[in-house]
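Trainee: This structure is in structure tokens; I'll ask about it shortly.
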């Protein structure tokens, strides 16, 4: 049972972006060596980019303000206006990036419904267009790992390799939205570079699960990153003394990756308890990392009402569609906090 001190605190399960910078991050930010990053002169940013590229197995990397900018700068660099982008139908790029695929890059989405975030290879092959006079050519295949809307499900290394081989056989590049790629690598017990091997570009986020206050990185070939830097500038992402925030991202890279396993364990504890509760529909096989999405089958209890009742008990979460909720575990939610959330859900569901 959770203790009373944990019960008195807010348990914020809305997202792994709500974490506060660690004391080590705050110290690093205060002491960061800085310069003008638009001129390429910020030594802390340069070190972050070099270490990120090395960790993911690429030639170069580029620090950008957000995950959305990382995806959109990458897409803009890969495609021509009028190209199609093949991507999973519930992917972040399509669902939560405000139509930027079309408005910024002038590209068309070719969505395919996946299973736990993974598109069927035969359907991907059938969707690739050769670019005849009458059809938009396929300019990019985009993967998301872990897949947010699939409860943080992981794309296995073999699936990524198969998509990359298929795409390259048709002369199509592959971009991986790896906002939570370290969650995927930890879940699979594999180094990130092996997980994304062969992809043409990858981005990941320092403020999702890794506790840094801001920032993402794009990784790719040196030529690709040179072009992506121009896209970043166009999108307003050229920062100056960015070493102040890059310092926190370096701490995240060094100290916060291995502990993601704890978040996965807490999410599993939460999911297994929820799966046993009446009125809850949950696919336990999808709960592989730190995101737990579940359906509400009780007709007299809709998500807004449940969210409000949880908030009264100090538990914060988000709706996912008309009949689903999402809980996300992270550094700032302890096992005691998870037990509080479980107890609160049981109390609510047992109340007529």
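Derivation of every value follows stated rules applied to the coordinates shown; laboratory data play no part. In this text the structure is predicted, and so the values were computed from the model without any measurement. Here the Cβ is made from the backbone with ideal geometry for all residues, glycine too, and neighbour counts use every protein chain on show.
Trainee: Return the single residue from 337, 106, 57 with maximal mean-square fluctuation; model: Gaussian network over the chain, springs between Cα atoms under 10 Å.
Mentor: Of the options given, 106 has the highest mean-square fluctuation.
Trainee: Given a 10 angstrom Cα cut-off, can you work out which residue in 88, 31, 59 is the most mobile in a GNM of the chain?
Mentor: Looking only at 88, 31, 59, the biggest GNM fluctuation is shown by 31.
Trainee: Any chance you could run the full-extension gain for residue 80 through residue 323? It's 0.36 nm times the residue separation minus the Cα-Cα distance, nm to one decimal.
Mentor: 83.7 nm
Trainee: With each run of n ≥ 4 DSSP H residues scored as -39500 (n - 2.57), what mean residue ellipticity at 222 nm is computed for the chain after dividing by its residue count and rounding to the nearest 500 deg cm²/dmol?
Mentor: Mean residue ellipticity, 222 nm, calculated: -12000 deg cm²/dmol.
Trainee: So what is the relative contact order for the chain, in percent, with contacts set as C-alpha pairs under 8 Å and at least six apart?
Mentor: 26 percent
Trainee: Hey, of (1) 78, 44, 40; (2) 79, 44, 44; (3) 61, 53, 34, which did the structure itself give for Cα extents along the principal axes in Å when calculated?
Mentor: (3)
Trainee: Set the Förster radius R0 to 35 Å, insert the Cβ-Cβ distance between residue 223 and residue 309 as r into 1/(1 + (r/R0)^6), and round the FRET efficiency to 0.05.
Mentor: Result of the calculation: an efficiency of 0.05.
Trainee: Compare 152, 238, 117 in a GNM of the chain, Cα atoms joined below 10 Å, and give the one with the largest fluctuation.
Mentor: 238
Trainee: What is the spin-label model distance, in nm, from residue 51 to residue 133 if the labels are put 7 Å beyond Cα along the C-beta direction?
Mentor: In this crude label model, residue 51 to residue 133 measures out at 5.6 nm.
Trainee: While we're on this one: Kindly state, to the nearest 0.05, the FRET efficiency for residue 230 paired with residue 33, given R0 = 35 Å and r defined as their beta-carbon distance.
Mentor: 0.85
Trainee: With r defined as the distance between the Cβ atoms of residue 350 and residue 113 and R0 fixed at 35 Å, what FRET efficiency is calculated, to the nearest 0.05?
Mentor: In this case the efficiency is close to 0.45.
Trainee: Can you tell me the convex hull volume per residue for segment 181-239, based on C-alpha atoms, in Å³ to the nearest whole number?
Mentor: In segment 181-239, the Cα convex hull volume per residue is 88 Å³.
Trainee: Given 0.36 nm per residue, what is the gain on full extension from residue 169 to residue 191 after removing their alpha carbon distance, in nm?
Mentor: Stretched fully, the residue 169-residue 191 segment lengthens by 5.4 nm.
Trainee: Something else: Report the label-to-label distance for residue 98 and residue 258 in nanometres (one decimal), using points 7 Å from each Cα along the Cα→Cβ vector.
Mentor: Distance between the two pseudo-spin positions: 3.9 nm.
Trainee: Okay, moving on. Can you give me the angle between helix 67-78 and the longest principal axis of the chain, using Cα atoms only, in degrees from 0 to 90, rounded to the nearest 10?
Mentor: 30 degrees
Trainee: Follow-up question, since we're still on this one. At 0.36 nm per residue, minus the direct Cα-Cα distance, what do residue 162 and residue 126 gain on full extension? Give it in nm, one decimal, please.
Mentor: Gain on stretching residue 162 to residue 126: 11.5 nm.
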